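Below is one structure; the comments refer to it alone.
Bear in mind that the values in this text are calculations on the coordinates, not laboratory data. Computed from a predicted model, the values in this text were never measured in an experiment. Because the Cβ atoms are built from the backbone with ideal geometry, glycine has one as well, and the counts that use them run over all protein chains shown.
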Amino acid sequence: MLNIIINLSIFIFVILIGYLLKYFGLFKKQDADMISKLILYLTLPCALLSNANNMVITVDTFKMVLIAISANLILVLIGYFYAKGDDTKRQAAFMINSSGYNIGNFALPFVEIFFPGLGVAYLCMFDIGNAIMGLGITYVMAHCVAYAKTNINCKEILKKIGSSIPFDTYMLMLVLALLHIRLPNFIINTAKMIGSGNGFLAMFMIGLLIEFHIPKSEVKDVINIMMIRMIGNVVISLIIYFLIPLPELAKKILILALFTPIASVAPVFSRKCGYVKEMPAISNSVSIFVSIIAIIVVLLILN
């Protein structure tokens, strides 16, 4: 228990450093964009690749992919029906922001500390399903709703998913595991050295992104998004823990993943669906703060 509290305190301290440096003007919120690119294209793929030799493909790991797709789809549908009858652009934004999980920037640093090895492998498989939905299917579904389209472009879905560097890294790890190929120690050690900075950069970036000011016009929608995510994920977590046959570690990783913030691409995809209000960006920031508290509670309960 003491070890958990110490490690959580370190994460919170780094987030606080990022927030305070922004508050005192040494960094700007926009600097998070540069850090995000560094994470997306370098430290996150390396952090994932450093665990490639720990990847074990079983029926349980494939269940993680299916559960991630199912959890996303459930929340997409809740968002769709909740905002049904409103402006279609708002309905699309609810679909996008009610679903999706920020695994690489948020869950991975925690899992690497508390559940290394197989725990990371489980998380990677969950994020494959999460990426299939969040980077492709969810956006295309929302876009169809926003512009009243009835046809879904499969080519567009595959293009969006395939252009994600972390997703491509997952696919590489999956192929290596299926073929029982182990990467040389030189590659693993190099990836580990570069990837070791991922946790710090991810938490520091979160500190830069946190905002506490919410315009009154957006309060209701932001609260509704948070309620959909929180209640929905609590119910899904209970179903996973009590009804789905999985190893205890896999259940812990799933529950941890379900309480991560909204995916960082959600505000971008919301705009592409024609929704230009501030709700997606504010919800993204608020979800970070909510998830920090939720993850602390989840880790203390699970351990």
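Is segment 172-227 best put as rounded, prolate or oblate by its Cα gyration tensor, with a ≥ b ≥ c the root eigenvalues, rounded for a/c under 1.5, and otherwise prolate when a/b is larger than b/c, oblate when not?
Note, shape of segment 172-227 comes out oblate.
5 Å is the cut-off here: which amide hydrogens, built 1.01 Å from N in the peptide plane, fall below it relative to Ile244, excluding neighbours closer than 5 in sequence?
none
Once you keep just the Cα pairs under 8 angstrom separated by 6 or more residues, what percentage relative contact order results for the chain?
For the chain, the relative contact order is 32 percent.
Need one number: convex hull volume per residue for segment 184-303, Cα atoms only, in Å³.
162 Å³
Tell me, in nm to one decimal, what length is gained between Asp60 and Leu158 on full extension, where the rule is 0.36 nm per residue of separation less the Cα-Cα distance?
32.8 nm
By a straight-distance test (C-alpha under 19 Å), which aspartates and glutamates pair with Lys251 as possible cross-link partners, with residues fewer than eight away in the same chain excluded?
Cα-Cα hits under 19 Å: Asp60, Glu112, Asp127.
Would you list, by chain and number, the aspartates and glutamates whose Cα falls below 15 Å from the Cα of Lys159, excluding same-chain residues fewer than 8 positions away?
Asp168
For the pair Phe13/Lys28, report the inter-label distance in nm, with labels modelled 7 Å from Cα in the Cβ direction.
Label-label distance for Phe13 and Lys28, simple model: 3.1 nm.
For the chain, state what percent of all Cα-Cα pairs lands in each successive 10 Å bin, counting from 0 Å until the bin that includes the largest distance.
6, 28, 37, 23, 5, 0
So for the pair Tyr241, Ser70, with labels modelled 7 Å out along Cα→Cβ, what separation do we get in nm?
Here the answer is 1.7 nm between the modelled labels.
Which lysines have a Cα lying under 28 Å from the Cα of Lys28, excluding residues fewer than 8 positions away in the same chain?
Lys37, Lys216, Lys220, Lys272, Lys277
Which whole-number percentage describes the relative contact order of segment 139-267, with Cα contacts under 8 Å and a sequence gap of 6 or more?
It comes to 11 percent, rounded to a whole number.
Could you give each residue of segment 211-216 its phi-based ³J(HN,Hα) in whole Hz, using Karplus coefficients 6.51, -1.76, 1.60 with θ = phi - 60°, and x for Gly or Pro?
Working through the residues one at a time gives 10, 10, 9, 10, x, 4 Hz.
What longest region of the chain stays clear of trypsin sites (Lys or Arg not before Pro) that DSSP places outside H, G, I, E and B and that have at most 13 other Cβ atoms within 10 Å?
For trypsin sites (Lys or Arg not before Pro) (loop position, at most 13 other Cβ atoms within 10 Å), the longest site-free span of the chain is 183-303.
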